Every structure is written in structure tokens, then in C-alpha cells.
Amino acid sequence: MDLDMLNMFVIAGGTLAIPILAFVASFLLWPSALIRIYYWYWRRALGMQVRYANYDDYQFCYSYRGRSGYRPSILMLHGFSAHKDMWLSIVKFLPKNLHLVCVDMPGHEGTTRSDLDDYSISGQAKRIHQFVECIKLNRKPFHLVGTSMGGNVAGVYAAQYPEDVCSLTLICPAGLPSTDSKFIKQLRELQESKCIDRIPLIPSTPEEMADMLKLCSYVRFKVPQQILQGLVDVRIPHNEFYRKQIVDEKSRHSLHENMSKIKAPTQVIWGKQDQVLDVSGASVLASAIPDCHVYILENCGHSVVVERPRKTANLILEFLALLHSIDNNKKQA
């Protein structure tokens with residue numbers, strides 16, 4: 001083998017080795033960085049762009065895809081301690097011509113966090129309304145989707161700003177005085193014992209993260225130890241904020257208090273094996289909201305968005321198609 005050919009193989013081998021070594025080093029030493037890169041790559045692959053919007057001195061971080069058209073835009077509100085990228089698994093199964101907006105909730109990820117801000121459910125709904133006005137999303141009514149805490153905020157938003165919302169999807173929403181779940185019982189015991197440093201939804205070790213995933217999911221995901229460590233590393237700087245949100249929350253039943261004011265056609269999706277928020281909440285909503293469509297997913301827990309993304313996306317699309325058909329029939333009548 002001549003020298004030029006040998007040099008070519010050395011250069012080619014080195015070129016391949018560098019990204020492989022970088023990946024291995026990230027996986028072993030900086031798993032949290034690898035998780036951030038993963039979300040960045042997934043956003044790019046799905047065509048989601050990250051932008052910022054400012055309301056006075058308050059900054060919202062959001063991602064979006066598509067433009068507003070004849071079909072309603074879709075605004076998606078994530079759950080407690082999550083961020084806008086949690087919706088990517090569902091975005092994957094939604095048409096690219098739909099206008100999608102996923103925003104970081106107040107105090108979460110890239111959206112402003114301030115000790116002076118109001119993080120009650122109604123306070124968050126007010127902030128989301130400011131965001132909607134910032135990006136002029138309410139130039140025409142939009143479809144609002146929320147899960148868990150975000151579902152609580154979405155329901156209150158639809159009740160308080162009915163002119164903004166043409167339809168609503170609530171996925172395992174918080175804010176209802178339903179039957180005690182495993183998590184609610186654990187939380188009550190911790191509060192009674194004044195031991196609030198080990199709340200199940202606020203992990204600080206890989207083992208606690210694994211326990212949280214088991215609590216939130218019926219499906220048992222096999223997550224490597226390094227990835228669990230990375231997930232914990234990403235959350236730890238925010239854990240005190242999350243803990244304060246749970247302990248100081250005075251509006252636990254906000255959705256229940258506002259559901260009679262919801263006039264928009266509403267879709268409720270719930271995992272039958274939800275251990276965080278009991279599935280009985282679905283019947284509470286169905287009995288209070290006039291035009292309510294309920295879907296209970298078998299073999300699914302609280303993390304519906306992660307466990308059943310394709311099914312959830314299809315249910316949302318079918319619901320929107322149904323509403324569009326009903327609207328057309330009314331116009332032709």
C-alpha cells in the first residue's frame with residue numbers, strides 16, 4: 001500500500017472517530033448535553049423553529065411550524081416540570097401544513113422565571129393570554145391543547161378567554177377533585193409529615209428518576225443509567241422552583257371551578273392506568289361540559305403524549321375534522 005493511500009485511510013478513520021468519540025464522551029461524561037442535542041436535532045428534523053416573544057420585560061420561548069391558514073392554529077401547553085419539546089413525539093404525526101405553536105410555560109425552560117410572578121393556574125392562564133396577544137395568535141380562534149398542569153391552565157384559559165378558543169383538548173388534566181391517585185396519596189402523606197424534599201415528581205437521583213417514570217407511565221421504558229443521570233442533571237437546577245410550585249399551589253381545583261364556563265367543544269383524552277391523576281376526572285368533565293368527547297386509552301398511564309403519541313395525534317385530528325364537518329353542515333343548512 002503506497003503512502004498516499006495510507007494517509008487517506010488515516011484521515012478517513014480520524015474523521016469518523018472524532019464524532020464517535022465525542023458521542024461516547026458526551027454519553028459517559030455529559031449525558032445532559034447529549035439530551036439537549038437530541039432535542040435540538042429532533043426539532044430540526046421535524047421543522048420546528050424556536051423563537052422568543054416579549055411582553056414588556058417578560059420573555060416567552062416557543063417553537064412553531066407552519067403558518068396560520070384556513071384551519072385553526074394549535075397551541076400546546078405542556079405539563080409540570082416539562083418544556084415545549086415534550087410535544088415533539090406528537091408533532092411527528094401531525095400534518096406539516098398545520099400551524100403548531102408549543103410554548104414553554106411560565107417559569108419553565110426558556111420562558112422568564114421570577115420570584116415576583118404569579119404561578120397560580122389563573123396567573124399562568126393570564127401569562128399565556130399575554131403570549132397569545134404577543135404573537136397575534138388570536139387574530140382568529142385557535143385549538144388549545146394542554147396536558148396535566150397544562151391541561152388545567154388550558155381549561156381555565158378557555159373559560160376566561162372564550163373568544164380566543166374555538167375548541168379544546170385536555171389530556172389527563174390537573175385541577176379536578178377526583179378520586180385519590182397513587183401520587184396524590186403520596187403527596188398528602190409527605191405534606192402531613194412535612195417531608196417535602198422527596199416529592200415523586202421532582203427526582204434528584206437516577207433512581208428517583210426511574211421511579212418517576214414508572215409512576216407516570218404504564219409502558220415500562222428501558223432507560224440506560226446514563227440517560228437517567230442526564231435527565232436528572234437537566235432538572236436539578238430547577239427542582240427548587242418545581243417544589244415551590246407544588247407546595248405553594250393554592251388553586252388545585254381551578255379547572256373544576258371553571259369548567260362550567262367552558263363553551264368550546266372539548267375533547268378529553270386520559271390514560272386508563274393513570275397513577276398521577278385518576279381517570280375518574282374524565283367523567284367529571286363529561287358531566288359538566290355540554291359538548292365533551294371523552295377517549296379513555298387502555299394500557300396507558302399519565303404520560304399519554306409519550307406512551308401513545310400516534311394515537312393522540314390521530315384523536316386530535318379526528319376531533320378537528322369532526323368539528324369542521326359539523327361547521328360546514330351548519331353553514332349549508
field: TRP40 versus GLU207: modelled label distance in nm, points set 7 Å from Cα along the beta carbon direction
entry: 3.4
message: In Å, what Kirkwood hydrodynamic radius results for region 119-176 from the alpha-carbon pair distances?
response: 11.1
- prompt: Any idea what angle helix 206-216 forms with the longest principal axis of the chain, computed on alpha-carbon atoms, 0 to 90 degrees, nearest 10?
  reply: 40
- request: May I ask for the angle, rounded to the nearest 10°, between helix 31-46 and the longest principal axis of the chain, with both axes built from Cα atoms and the value confined to 0 to 90°?
  value: 70
task: State the Kirkwood hydrodynamic radius of region 47-332 in Å, one decimal place, computed from all pairs of distinct Cα atoms.
output: 19.2
- request: Would you compute the Debye intensity of region 284-327 from its alpha-carbon atoms alone, equal scatterers and no solvent, and pass along log10 I(q)/I(0) at q = 0.34 Å⁻¹ to two decimals?
  value: -1.10
query: Excluding ligands, DNA and RNA, what is the solvent-accessible area per residue of the chain at a probe of 1.4 Å, expressed in Å²?
result: 51
query: Carbon-plus-sulfur fraction of the accessible area of region 47-332, 1.4 Å probe, in percent?
result: 50
Projected label distance in nm at HIS253 and LYS185, using a 7 Å step from Cα toward the beta-carbon: 2.1
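Using alpha carbons only, what's the Rg to Rh ratio of region 85-187 with Rh from Kirkwood? Don't jump to the answer; show the numbers that get you there.
Details: Rg = 14.6 Å, Rh = 14.9 Å.
The Rg/Rh ratio comes out at 0.98.
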- prompt: If you average the sequence gap of Cα pairs under 8 Å that are 6 or more apart and divide by the length of region 47-332, what percent do you get for the contact order?
  reply: 19
- request: Would you mind pulling out the separation of the Cα centroids of region 237-290 and region 170-193, in Å?
  value: 10
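The values are calculated or read from the model by the stated rules, or taken from the named source; none is laboratory data. Bear in mind the structure is a predicted one, so any value in this text is a computation, not a measurement. Glycine also receives a Cβ, built like all others from the backbone with ideal geometry; neighbour counts cover every protein chain displayed. When the accessible area is computed, the model is the full protein with side chains, heavy atoms only, and any ligands, DNA or RNA have been set aside. Shrake-Rupley method; radii C 1.70, N 1.55, O 1.52, S 1.80 Å.
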